[in-house]
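To start, the structure itself, in structure tokens.
What follows draws every value from the coordinates through simple rules; no lab data is involved. Computed from a prediction, not measured in an experiment: that's the story for all the values here. Cβ coordinates were reconstructed from backbone atoms using ideal geometry, including for glycine residues, and neighbour counts include every protein chain displayed.
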Ligand SMILES: C[S@@+](CC[C@H](N)C(=O)[O-])C[C@H]1O[C@@H](n2cnc3c(N)ncnc32)[C@H](O)[C@@H]1O
């Protein structure tokens with residue numbers, strides 16, 4: 001099978017949206033479990049979800065928050081999310097999170113970011129926007145493909161016809177997450193590594209960070 005590495009991140013997700021929810025994808029499935037396990041007990045007023053995709057985690061967020069603001073730059077991923085999540089307390093917004101977010105200062109109690117930061121070169125901007133938008137004491141929850149997997153060449157990809165589309169990705173080491181969080185004033189509440197149940201003796205698949213302002 002041929003590899004295609006030329007598609008932009010936005011175009012790639014527009015294409016992937018058609019099958020993102022039904023393709024075999026252990027990373028996506030484990031992330032859903034991790035997010036539920038981490039956030040289920042929480043109750044809050046306002047959540048901002050950055051890179052919401054097809055709304056896999058948005059449904060859960062709509063159950064734990066009074067208001068959810070879900071952002072993604074792929075209009076097609078958002079279309080899929082809107083089919084799935086019809087709760088009146090969710091607003092979907094098409095926007096690029098590498099540009100200033102259309103959110104007021106200190107307006108969110110929780111910001112969530114799942115499987116997005118491998119596509120973002122400059123972590124610093126994201127952490128600074130998250131810190132600006134969170135209320136004092138608010139949480140920033142991040143769950144990402146574990147960099148150990150990136151070291152051996154894994155990156156987000158999907159198949160179309162006879163091609164594997166590899167979506168542009170950047171490696172962020174665990175220390176990059178810790179240092180960027182610290183530099184922007186966040187405290188680390190929790191850090192975990194996660195294995196899918198089918199892969200107990202392999203490399204961890206996901207790394208999650210629960211940060212607090
Ligand atoms: C692997 S999907 C994850 C979607 C969802 N968070 C989940 O866990 O299923 C990555 C998502 O990040 C979005 N994304 C990547 N870069 C982005 C950017 N600069 N601004 C907004 N969304 C972005 C993509 O469009 C895609 O929907």
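Relative contact order of the range 73-196, taken over Cα pairs closer than 8 Å and 6 or more residues apart, is 23 percent. Taking only the Cα atoms of the range 95-213, the radius of gyration and Dmax are 15.4, 50 Å. Let a ≥ b ≥ c be the square roots of the eigenvalues of the Cα gyration tensor of the range 14-53; is it rounded (a/c under 1.5), or, if not, prolate (a/b larger than b/c) or oblate? Oblate.
Can you tell me what share of the DSSP beta bridges in the chain is antiparallel? A percent to the nearest 5 is fine. Don't skip to the answer; put the middle values down first.
Working: 18 of 42 bridges.
Taking every DSSP beta bridge within the chain, about 45 percent pair in antiparallel fashion.
I'm a student and want to see the number: the projected area of the Cα convex hull of the range 34-160, averaged over all directions, in nm². Show your work: numbers first, answer last.
Values: hull surface 33.4 nm².
Projected over every direction and averaged, the Cα hull of the range 34-160 covers 8.4 nm².
With the simple spin-label model, which puts each label point 7 Å out from Cα in the Cβ direction, the residue 87 to residue 104 separation comes to 2.2 nm. Taking the Cα centroid of the range 1-80 and of the range 149-213, what is the distance between the two, rounded to the nearest whole Å? Between the Cα centre of the range 1-80 and that of the range 149-213, the gap is 15 Å.
Can you give the Rg to Rh ratio of the chain, both from alpha-carbon atoms, with Rh computed by the Kirkwood formula? Display every interim value, and only then the final one.
Details: Rg = 16.3 Å, Rh = 17.4 Å.
Ratio of gyration radius to Kirkwood radius for the chain: 0.94.
Can you tell me the alpha carbon radius of gyration of the range 51-90 divided by the globular rule-of-thumb value 2.2 N^0.38 Å?
Details: Rg = 9.1 Å, N = 40, 2.2 N^0.38 = 8.9 Å.
Against the compact-globule rule of thumb, the ratio is 1.02.
Here each label is just a point 7 Å from Cα along the line to Cβ, and for residue 122 and residue 159 those points are 3.8 nm apart. Treating each Cα of the range 15-89 as an identical point scatterer and summing with the Debye formula, the log10 of I(q)/I(0) at q = 0.22 Å⁻¹ comes to -1.03.
Between the beta carbons of residue 6 and residue 37, assuming R0 = 22 Å, the FRET efficiency works out to 0.05 to the nearest 0.05.
Could you work out which residue, out of 20, 139, 151, moves most in a Gaussian network model of the chain, that is, has the largest mean-square fluctuation with Cα springs under 10 Å? Of 20, 139, 151, the Gaussian network model singles out 151 as fluctuating most.
Helix-derived [θ] at 222 nm for the chain: sum -39500 (n - 2.57) over DSSP H runs of at least 4, divide by residue count, nearest 500? Present the calculation step by step, with values, prior to reporting the outcome.
On the way: 7 runs with 65 residues, N = 213.
When only DSSP H runs of four or more count, the value is -8500 deg cm²/dmol.
Where in the range 60-97 does the label zone of residue 170 land, with the point 7 angstrom along Cα→C-beta and an amide N cut-off under 19 Å? In the range 60-97, the label zone of residue 170 (backbone N under 19 Å from the point 7 Å along Cα→Cβ) covers 72-74, 95-97.
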